[in-house]
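What follows is a set of notes on a single structure, which appears directly below.
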Amino acid sequence: MLRPNMPAVNDREGARIPYNLPAVIDAHVHIFPGNISAAIQKWFDKNAWPIRYQLTSSRILAFLLSRGIGHVIALQYAHKPGIAAGLNRYMAEKCAEFDNRVTGLATVFPGEDKAEEILQQAFDVGLGGVKLHAHVQCFDMNAEHMQPLYACCRRNNKPIVMHVGREPKSTAYNCDPYELCCAEKVERIVRAFPDLKICVPHLGFDETSAYRTMIEKYDNLWLDTTMVITDYFPLQEKIDLRRYRPDRVMYGSDFPNIPYAWDRELRELQAAEIPHDTLMRIARENAAEFYCLNLPAV
């Protein structure tokens, strides 16, 4: 469903988070060094949608925190071997700028030399988990070389966020996500590592039904809402959060790499006909549990 020249959405943005969503945790925000950020923006311009917010990493984090987001989970991914260690140092430096209001995730390129050592070093300096992206990194999540990475996360009690849903797919990727990604492959990992916390972003788009069933079965699997509740992609049916296990879904925005207002998804979440305690779980509490965050009560 990812294609060139997808539209920008010129919706108005709010100055603050919606009134009934205090201290939201945004569990899906991207930051990269300037050269990589520029390359990503160029890729989106050519192969997807125009990025509305073209900001440096520090400004990305300050933008969200100044508008009422209580905590940010910052993600990154290495698109080739040999750069992960530098990206992890960059992430640690950016987190330090914002005291305890940003939790940064490590990256590693699956299959590269000393991948487990790179990941362990990132955890040793305080990064809070690892983000992998199968569409970009073209890895098979069930491959043998993935096992040490899963074991490293489990040994350090760190979660893993893996973009292994099949969509949004693009011919601009160097691999076919439909060949690499499916809910059945994720289930093998969930079952093999029952004490490893795993989050699949975008509600597992386009296998949302399969993932909705899986979070009912497995306590170590989470999903995030990123972009799929905004009425942007042409889904066959609108996502109904009332049908999801309330303690296994967390809010994420994909900021800044979005074509619409920063709070569009928050407004959709606010308008969803879900109980207030479920709303608070999705907006804050589930991410706090997933990342073992010690946050003040609200």
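The values are calculated or read from the model by the stated rules, or taken from the named source; none is laboratory data. These figures come from a predicted structure and were not determined experimentally. Positions of Cβ are generated from backbone atoms using ideal geometry, with glycine treated the same way; all protein chains shown enter the neighbour counts.
When you check Ser37 against the structure, is it in contact with a strand residue (DSSP E or B) (Cβ under 9 Å, 6 or more places away or on another chain) and more than 26 Å from Leu223 (Cβ to Cβ), yes or no? Here the answer is yes, as Ser37 does meet what is asked.
Can you confirm whether Ser253 is touching a Ser or Thr at 6+ places or on another chain (Cβ under 8 Å), at pLDDT 95 or above and polar (S, T, N, Q)? Explain how you work it out, then say what you get.
On the way: touching a Ser or Thr at 6+ places or on another chain (Cβ under 8 Å): yes; at pLDDT 95 or above: yes; polar (S, T, N, Q): yes.
Yes: the conditions hold for Ser253.
Of all residue pairs spaced 6 or more apart or on separate chains, those with beta-carbon atoms under 6 Å, a first member in the stretch 76-93 that is hydroxyl-bearing (Ser, Thr, Tyr) and a second member that is not in a loop (DSSP other than H, G, I, E, B) are Tyr77/Lys131; Tyr77/His133; Tyr77/Val136. Screening His79 with (1) in a loop (DSSP other than H, G, I, E, B); (2) out of contact with any helix residue (DSSP H, G or I) (no Cβ under 6 Å at 6 or more places or on another chain) gives one miss only, at (2). Take Ala172 and decide whether it is in contact with a Phe, Trp or Tyr (Cβ under 9 Å, 6 or more places away or on another chain), within 19 Å of Val228 (Cα to Cα) and small (Gly, Ala, Ser). Criteria not met by Ala172. Being free of Cβ contacts under 8 Å to residues at least 24 places away in the same chain and among the basic types (Lys, Arg) is a property that holds for Lys42. One residue is enough: does the stretch 30-50 have a residue meeting the conditions at pLDDT 95 or above, in contact with an Asp or Glu (Cβ under 9 Å, 6 or more places away or on another chain) and either over 17 Å from Val161 (Cα atoms) or among the hydrophobic types (A, V, I, L, M, F, W, C) (or both)? No: zero hits. On the basis of being part of a loop (DSSP other than H, G, I, E, B) and either out of contact with any Asp or Glu (no Cβ under 8 Å at 6 or more places or on another chain) or surrounded by fewer than 16 Cβ atoms within 10 Å (Cβ to Cβ) (or both), does Asn10 make the cut? Taking the combined requirement at face value, the residue satisfies it. Scanning the stretch 135-154 for residues that are in a loop (DSSP other than H, G, I, E, B) and out of contact with any Gly (no Cβ under 8 Å at 6 or more places or on another chain) gives Cys138, Asp140, Met141, Asn142.
Which ones in the stretch 15-26 are at pLDDT 95 or above and either surrounded by fewer than 16 Cβ atoms within 10 Å (Cβ to Cβ) or touching a Phe, Trp or Tyr at 6+ places or on another chain (Cβ under 6 Å) (or both)?
So the first thing to find is which residues in the stretch 15-26 are at pLDDT 95 or above, and the list is 15-17, 24-26.
Result: Ala15, Arg16.
Does the stretch 62-71 contain at least one residue that is within 18 Å of Leu295 (Cα to Cα), touching a helix residue (DSSP H, G or I) at 6+ places or on another chain (Cβ under 8 Å) and of a type in the set (A, V, I, L, M, F, W, C)? No, the stretch 62-71 has no match at all. Would you check which residues across the stretch 82-119 are assigned to a helix (DSSP H, G or I), touching a Cys at 6+ places or on another chain (Cβ under 9 Å) and buried (at least 24 other Cβ atoms within 10 Å of the Cβ) and list them? Leu119, the sole residue that qualifies. Within the stretch 261-268, can one find any residue that is over 17 Å from the mean Cα position of the chain (by Cα), hydrophobic (A, V, I, L, M, F, W, C), assigned to a loop (DSSP other than H, G, I, E, B) and at pLDDT 95 or above? Yes, the stretch 261-268 contains at least one residue that is over 17 Å from the mean Cα position of the chain (by Cα), hydrophobic (A, V, I, L, M, F, W, C), assigned to a loop (DSSP other than H, G, I, E, B) and at pLDDT 95 or above.
Quick one: in the stretch 191-232, of everything that is of a type in the set (A, V, I, L, M, F, W, C) and farther than 26 Å from Leu2 by Cβ, which residue is surrounded by the most Cβ atoms within 10 Å (Cβ to Cβ)? The extreme case among them is Leu196.
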